[in-house]
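What follows is a set of notes on a single structure, which appears directly below.
The values are calculated or read from the model by the stated rules, or taken from the named source; none is laboratory data. Keep in mind it's a predicted model, so treat the numbers as computed, not measured. In this analysis, Cβ positions are derived from the backbone assuming ideal geometry, glycine residues included, and neighbour counts consider all displayed protein chains.
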Amino acid sequence: MIRYVAPSLLSADFNNLGRDIEMVNQSEADWFHLDIMDGVFVPNMSYGFPVVEHVAKLAKKPLDVHLMIIDPDRYLERFRDAGANILTVHWEACQHLHRTVAEIKRLGMKVGVSLNPHTPVELLSDILPELDLVLIMSVNPGFGGQSFIENSISKITRLKEMIKKAGCSTLIEVDGGVGPNNAAKLYQAGANVLVAGNAVFKAENPSEAIKAIKKK
């Protein structure tokens, strides 16, 4: 089974961003995870195109860009041009989800759809075969350092069954409160990609933290 780790740069030290990017480059991590927040869809704002472009110049691994913004269709091409390899939009933010998914694929990126904690996975049944990944938010989006919502485990399990029944190869990504303490049960439930922020960048040895998450 695929097991990827995607450190979230939202928790990196932006005074030493180049150092933290190089740490991820040299580690066993698989992707860089970038959270884009607009202060409307979620309470906080993060970074925009200049930071994504800067990360893309330094990164030696794919950029996994998560759009927590309203009306994401306006910016799909700009994120592709900034360096996104994987672009994930929220089910809750897309008025015409199938059209958005098709456009991301047309632009040459892998496509994901994210679900907030209150949104049932069953709502994706009709579009699941079109997706490269589904991102399960295991905290309420918009803030780092929150506690893991335990109900997320059952959502992962149900989604894994849906993927098997559909006969597709969609990956399950989990973001929020993820670390070495719960990585094993997330993989066991069916997760493929674990996004970790504080558990990596606030660790005494970030590279070892990545390894610990991946090997659980």
Residues that are closer than 17 Å to Leu10 by Cα and over 18 Å from the mean Cα position of the chain (by Cα), drawn from the stretch 159-208: Lys202, Ala203, Pro206, Ser207
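Can we say Phe32 is in contact with a strand residue (DSSP E or B) (Cβ under 7 Å, 6 or more places away or on another chain), at pLDDT 95 or above and surrounded by 17 or more Cβ atoms within 10 Å (Cβ to Cβ)? Full working, then the answer.
Numbers: in contact with a strand residue (DSSP E or B) (Cβ under 7 Å, 6 or more places away or on another chain): yes; at pLDDT 95 or above: yes; surrounded by 17 or more Cβ atoms within 10 Å (Cβ to Cβ): yes.
Criteria met by Phe32.
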Taking the condition closer than 14 Å to Ile210 by Cβ, touching a Ser or Thr at 6+ places or on another chain (Cβ under 8 Å) and among the aliphatic types (A, V, I, L, M), does Met37 pass? no
Could you count how many residues in the stretch 77-99 are in contact with a helix residue (DSSP H, G or I) (Cβ under 7 Å, 6 or more places away or on another chain), closer than 23 Å to Asn140 by Cα and touching a residue at least 24 places away in the same chain (Cβ under 8 Å)? 5
Hey, among the residues in the stretch 13-29 that are within 26 Å of Asp132 (Cα to Cα) and of a type in the set (A, V, I, L, M, F, W, C), which one's surrounded by the fewest Cβ atoms within 10 Å (Cβ to Cβ)? Ile21
Matching residues in the stretch 149-170 (modelled with pLDDT of 95 or more and acidic (Asp, Glu)) number 1
For the stretch 39-54, which residues satisfy the criterion of being at pLDDT 95 or above and either surrounded by 19 or more Cβ atoms within 10 Å (Cβ to Cβ) or under 17 Å from Asn140 (Cα atoms) (or both)? Val52
Collect the residues in the stretch 164-210 that are within 16 Å of Val121 (Cβ to Cβ) and out of contact with any Pro (no Cβ under 9 Å at 6 or more places or on another chain), keeping them in residue-number order. Lys164, Lys165, Leu171, Ile172, Glu173, Val174, Leu186, Ala189, Gly190, Ala191, Asn192, Val193
Where in the stretch 105-216 are there helices (runs of 4 or more DSSP H), lying fully within it, with 1 or more residues that are surrounded by 15 or more Cβ atoms within 10 Å (Cβ to Cβ) and hydroxyl-bearing (Ser, Thr, Tyr)? 152-166, 183-189, 206-215
Kindly provide the set of residues from the stretch 80-112 that are within 17 Å of Ser8 (Cα to Cα) and not small (Gly, Ala, Ser), ordered by number. Asn85, Ile86, Leu87, Thr88, Val89
